[in-house]
Every structure is written in structure tokens, then in C-alpha cells.
Amino acid sequence: MTTVATVRKPAISEGPAETADIVIIGAGFSGMYALHRLHNDYRVVCFEAGDGVGGTWYWNRYPGARVDVESMQYSYGFDDDLQQEWKWPELFSAQPELEAYANHVADRFDLRQYIQFSARVNRLRFDEDTNRWHVHTERGHHVTCKYVVAATGSLDATNIPNWPGLESFKGQTYHTSKWPKERVDVTGKRVGLIGTGSSGVQAAPVLAETADHLYVFQRTPAYSMPSGNRPLEPDYEREWKDNYAARRAVMYQSPSAVFLDWKARPAADYTPEEQNRILEEAWKSRSAFQLLISFSDSLTNRKSNDLIAEFARQKIRQIVKDPSVAELLCPNYPIGTKRPCLDCGYYEMFNRDNVTLVDVRTDPIVGITPTGLRTTSASYDLDIIVFATGFDAMTGSMTRMNVTGVAGIDLRDRWHAGPTTYLGTFIAGFPNLFMVHGPGSPSVLAQMISGGEWQVNWIAGVIDEMEREGFERIDTNLESEERWSAEVNTAADATLYRSTDSWYVGANVAGKPRAFMVYTGGFDKFCRICTEVQRSGYRGLDRTK
Ligand code: NAP
């Protein structure tokens, strides 16, 4: 394959397929970077389901949507001019700002010409005779290509539990991740919000401001921290911009792809007074994860974790005036084993007269009615239901594309007992298909933009080498997948993650097989392993000519 004219926006074709070297699926932050990295050397096409760029930050436009990692870090590092010129207005940017940034990047690097919007991929088939993928979209595109880069997002396929009566509801329903672009006015409305993960915790205080009444239906309480969000201080911004190169380098060598200017120690290294001071400072600080990273053993040592969890519970009891509501809001699982949340006034909101917390752990939702919803023992009249019920995480965005590999194997069958991959990137029997942030990669446990950039660079390096050396096909095998699964499981076993039901293990979706889907060994270690695999002549991968 040599450099040839780029395929720009392939035609919708009933007839013979158009050809490309690489199809990228998804124009979120990883997909856009893949496009930028690859389009000069290959004929590249990107298919995006939405009508704009930004992925997660295009779809998740619910009120209150805000990133939980500082924007100076949660941004691209591949181009210094870009990171110098872009001005984040706040410490933690809200969705509109992140979407504006995605649009700016698309324009600045002239990426739109390669992106086909409103084009959801609905079939992906590998042809063994030609070693080419056939990519189809709902709008009728058909492109054949040598490589597919699936930048489809870890949290894209929505999860709405299959409650009876769902269709009968006469009011309006919204899922947080498919929020309409038009403003949803909840003024004077009775709103039911189901789900108290990151999305629900962020949406609730905003909805409560104007709703007549907000019912928060909680099955499992979240650990949430105040974001301390504020306008970005010019000095702080300057300090980052002056030191970006060094700080990005530190991020790439850290377990979570974030920059920290201090090193945590185990909790037991400190006196109780010191522990408390550290936790107080973390509570007032800059990240949902700050409490967790206060001590180096917070996710590996139950005693250290208990210390932090009890500190967080005490904060809830101090903020929420009604003791029975406060107790309901207090989680009892190890902190961090479900994703902690970053909020703007979540616990304070429960002191409002127009907010009611409903415990659906002891009194589960049993159905939706024309006028609201029913739990085992009560009915609630509602005008609007907001589903903040999360995602078919990690696997849903891949399996719903109807992917078939070698010998016609369907990816859903391949993963029927849970997803297995090699390096979170390759699936045996699905050659030349690369996943960014796939199951078995650090994905959501590392800062996603930098993590995606690193992974895309690595994948692009593998493709470059394939082409230089004249290979047609790269695939992994079941033994390599087994070895990687063992590595993923060993890393998880060294932590407390498995002690809690969460979407990390697929527990949030009824009937989904349980498997630990995130590599917890650290982003830095993951990068070292991938680099070593490539240097060692592609251990665990079969390249054929
Ligand atoms: P989530 O964390 O999976 O939360 C879903 C919520 O819905 C949970 O509280 C869950 O309860 C509840 N739920 C699901 N099925 C239910 C049922 N049948 N009955 C009652 N409750 C039910 O989803 P999310 O809040 O959308 O967040 C997903 C992830 O997206 C986050 O963990 C984070 O990684 C990312 N995110 C990040 C940000 C940010 O950066 N600020 C914002 C939003 C999302 P259970 O816990 O009992 O299952």
C-alpha cells in the first residue's frame, strides 16, 4: 500500500464497494486523533453515528454534564500549538465547552472532509479470501478496507432496563447519554430521575433547580465529591502551558495518565491526624479521584479504603440535614470500586423541599405506567422520566455493529461468556481490526484522551510496520487472549475492584456475562507491555504475508 489520494466521504452505494486503506469508526476524541495521525499516509474514511464530532461529548449533553478530570489535562497533547492556543474557561469543563473543543480540532486539522456523519456502522464483515473488511452503514455506505480502527467508545451503547409498560408512559423520557440538542424545560414538571452514577449525580442538582419536584430513584448510592469547579485561574493556566511538554511526559508514565505533583504513600505511613488532614485537603481539591489517590494503597488495602470511605460518609452526614436521607445516601462498598462521581451540589440538593430520595434497592421499580412508575409498594406520578441508567459498557458499542470475523464467527458468539482480547486491542479471528480503549485495556481507569492518543500512536506504528514489511494480515490467537485475560485478572485480584457489582464487571446490565473488563495494572505498565510486544517481534500476534 502506498500513499494515494485520500478517500473523502465515500458515496452511498448500492453497487460495488468503494475502497479505502483504513476505516475508522467513531469521530470521538480517539477517532479524530486516529484520523489526524493516519490520513497523510493512507486512504482513510471515518464513519460517525452522530451528526457532529466529539463522541461522548457530543452525545452526553444532559444538564450538568461536566468532565471529572481537569481540562488542562483532559485534552490533546499531540500538537503544542493547539494546547497553547486553546483556552479552557473552567477547571472542569462542561459539555458545551468540550464539544466546542472537538469542533475546533476538527476544523483546525481539516478533518471533516474524511468523516461521514450520521452514518452508523451496522455491519462489519471480514473476507478471508481477500483479507479485506467490508464496512456497511445504516445509510447504505459500503467500503472495503484493509484495516479497521474501532474508536467506538467504552460507554456508548445505552442501557435502559426492560421495565414493563415502558412504551405506555404518556410523558417525556430521556436517557442522559442521548439528550436532545434542544433545551428540555422541566419548569413546573414532576421529574423522576432513575440512576445515581456519574450522570445522575451531575444532572440531579440542575434538574432540581427548576422542576416542580424531583424524585431521585436510587438503587446504589454513589461516592461523590464536590468538584470545586471554578473559572480557570490565569496563573494556573500559565503554569500548565509553560510546562506542558514535561507534564504530558509524566502523564504518559503514570498509572492513570494524569499529572500529579506529589507522590502518595500508604495510609499507615501517617498518623490519624495527618490522614485526616490529607483527606480534608483532597475533599476540597480538584478531582473526583483525589480522595482515592490520597493514599497509595487505597484500592489494594481494605483498611486504607475503609478510612477514606468513612471520611466520605461523614461528609455526607454533615451536609444532608435529614439523618435518614443521609444514611440512605451513604454507600457501604469500598470507595473507588464503582466509579466515584464529581458533582456540583449533589448532597446539598437533598436539603431542598422539592427533592425526594426513593430507595429502589429495598423497594425496586417494577414497571412504568402511563402516568409515572411503580415500585413494589408505591406509585409515583411523573411528567418526565430521566434514565440515568448507564451503558452496556465496554462491549456494547462493538457487539451491536454485527461484526463477523474469520469463518463467519459473530463477535457476539465469540464474547458470549464475556469479552476476551489481546492487549485490549485485538480479538482472535478478527484480523486487522484494532480497538481503541477496548475491553482489557486501561480505558476508563486512565485519562481517556491521553490514553487514546497513546493507543492510536501504537496502533498506527503497528500498521506502518505491516506496510513497510509487506504483511497482509495481523491476528492474535486464543492462547494470547488467555494469557492477557490472566494478566487482567491478576491485576484486578490485587485490588478491591471485584468486591463490588459495577459496570466494570458487566453487573449493571441484566443477563450480561460477568467478566472484569478493565486492565487495572496501570496505564504506564500497559504502555510498556504494548511497546515490548512490538519490539519483541509481535509476541502473541501472528503476522502473515
Ligand atoms: P452508571 O454509572 O452505570 O450508573 C447507572 C445508574 O443507574 C446506577 O446508579 C444504577 O444502579 C442505576 N440503575 C441501572 N439499572 C437500574 C435498575 N434496574 N433500577 C434502578 N437503578 C438502576 O452510568 P452513568 O452514570 O451514565 O455513568 C457511566 C460512566 O460514564 C461513569 O462511571 C463514568 O465513567 C462516565 N461518566 C463520566 C462523567 C464525567 O466525566 N463527569 C459523567 C458521566 C458519566 P446500580 O449502581 O445499582 O447498578
Once a ≥ b ≥ c are taken as the square roots of the eigenvalues of the Cα gyration tensor of the stretch 191-318, is the result rounded (a/c under 1.5), prolate (a/b larger than b/c) or oblate (a/b not larger than b/c)? oblate
Enter the accessible area of residue 198 (Å², nearest 10), with the probe set to 1.4 Å and all protein chains included. 40 Å²
Alpha-carbon centroid distance for the pair the stretch 66-89 / the stretch 200-249, whole angstrom: 16 Å
Between residue 90 and residues 5 or more places away or on another chain, which pairs have amide H atoms under 5 Å apart, with H built 1.01 Å from N, and which residues are they? 232
Label zone at residue 210 (point 7 Å along Cα-to-Cβ), backbone N below 18 Å, the stretch 376-396: 383-387
Considering the zone a paramagnetic label at residue 80 would reach in this model (a point 7 Å from Cα along the Cα-to-Cβ line), which residues of the stretch 231-254 have amide N under 11 Å from it? 242-246
Please give, to one decimal in nm, the separation of the simple spin-label points placed at residue 296 and residue 379, each 7 Å out from Cα toward the Cβ. 5.9 nm
For the residue 277, residue 465 Cβ pair and Förster radius 41 Å, calculated FRET efficiency rounded to 0.05 is 0.20
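Ignoring ligands, DNA and RNA, how do 416, 136 rank by accessible area with a 1.4 Å probe, largest first?
On the way: 416 135, 136 50 Å².
The ordering from most to least exposed comes out as 416, 136.
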Sequence-distant or interchain residues sharing an amide H contact under 5 Å with residue 341, placed H: which? 223, 224, 225
So how far apart, in nm, are the two label points at residue 314 and residue 87 if each is 7 Å from Cα heading toward Cβ? 4.2 nm
Would you pull out the residues with amide H under 5 Å of residue 372's amide H, same chain only if 5 or more places away, H placed 1.01 Å from N? 170, 382
Vicinal HN-Hα couplings computed from phi for the stretch 85-102 (Karplus, 6.51 cos²θ - 1.76 cosθ + 1.60; Hz; Gly/Pro x): 7, 6, 10, 7, x, 10, 4, 10, 6, 7, 3, x, 5, 5, 5, 5, 4, 4
Residue-normalised accessible area of the chain, expressed per residue, 1.4 Å probe, Å²: 40 Å²
Return the sequence-ordered ³J(HN,Hα) values of the stretch 516-521 in whole Hz as given by the Karplus equation 6.51 cos²θ - 1.76 cosθ + 1.60 applied to θ = phi - 60°, using x for Gly and Pro. 6, 9, 10, 7, 9, x
Taking a ≥ b ≥ c as the square roots of the eigenvalues of the Cα gyration tensor, with a/c under 1.5 meaning rounded and otherwise prolate when a/b exceeds b/c and oblate if not, the stretch 331-372 is oblate
In whole Hz and in residue order, list the ³J(HN,Hα) couplings for the stretch 174-179 that follow from phi through the Karplus curve 6.51 cos²θ - 1.76 cosθ + 1.60, θ = phi - 60°; x for Gly and Pro. 9, 9, 3, 8, 10, 5
Normalised per residue, the volume inside the convex hull of the alpha-carbon atoms of the chain in Å³ amounts to 151 Å³
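Can you list which of the trypsin sites (Lys or Arg not before Pro) found in the stretch 153-225 are DSSP loop residues with at most 12 other C-beta atoms within 10 Å?
Answer by residue number: 170, 181, 183.
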Heavy-atom accessible area of residue 41, protein chains in place, probe 1.4 angstrom, given in Å² to nearest 10, is 60 Å²
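Would you list 86, 484 from the most to the least accessible area, probe 1.4 Å?
Sorted descending by solvent-accessible area, the residues read 86, 484.
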Run through the stretch 68-139 and list the GluC sites (Glu not before Pro) located in a DSSP loop whose Cβ has at most 14 other Cβ atoms within 10 Å. 128, 138
The extension gain from residue 264 to residue 303, computed as 0.36 nm times the residue separation minus the Cα-Cα distance, is 12.4 nm
Per residue of the chain, what 222 nm ellipticity follows from adding -39500 (n - 2.57) for every DSSP H run with n ≥ 4, rounded to the nearest 500? -9000 deg cm²/dmol
First compute the accessible area of the chain with a 1.4 Å probe, then give the percent of it belonging to carbon and sulfur atoms. 49 percent
Using alpha-carbon positions, the gyration tensor of the stretch 146-244 gives root eigenvalues a ≥ b ≥ c; with a/c under 1.5 called rounded, otherwise prolate if a/b exceeds b/c, else oblate, the class is oblate
FRET efficiency for residue 362 and residue 514 from the Cβ-Cβ distance with R0 = 30 Å, rounded to 0.05, comes out at 0.80
Extension gain from residue 130 to residue 417, taking 0.36 nm per residue of separation minus the Cα-Cα distance: 100.3 nm
Between residue 183 and residue 233, what is the spin-label point distance in nm, taking each point 7 Å from the Cα along the Cα→C-beta axis? 3.3 nm
Length gained if residue 332 through residue 17 is fully extended, taking 0.36 nm per residue and subtracting the Cα-Cα distance, is 107.9 nm
Net charge dipole size for the stretch 136-241 [Lys, Arg +1 and Asp, Glu -1 on Cβ; Debye, nearest 20]: 300 debye
With charges only on Cβ, +1 for K and R and -1 for D and E, what is the dipole size of the stretch 186-241 about its Cα centre, in debye, rounded to 20? 300 debye
Treat every Asp and Glu Cβ in the chain as -1 and every Lys and Arg Cβ as +1, leave all other atoms uncharged, and give the resulting dipole magnitude about the Cα centre to the nearest 20 debye. 680 debye
At 1.4 Å probe size, what's the solvent-accessible area of residue 530? Round to the nearest 10 Å². 0 Å²
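The values are calculated or read from the model by the stated rules, or taken from the named source; none is laboratory data. Since this is a predicted model, take the numbers as computed values, not measurements. Backbone-built Cβ (ideal geometry, glycine too); neighbour counts: all protein chains shown. When the accessible area is computed, the model is the full protein with side chains, heavy atoms only, and any ligands, DNA or RNA have been set aside. Shrake-Rupley method; radii C 1.70, N 1.55, O 1.52, S 1.80 Å.
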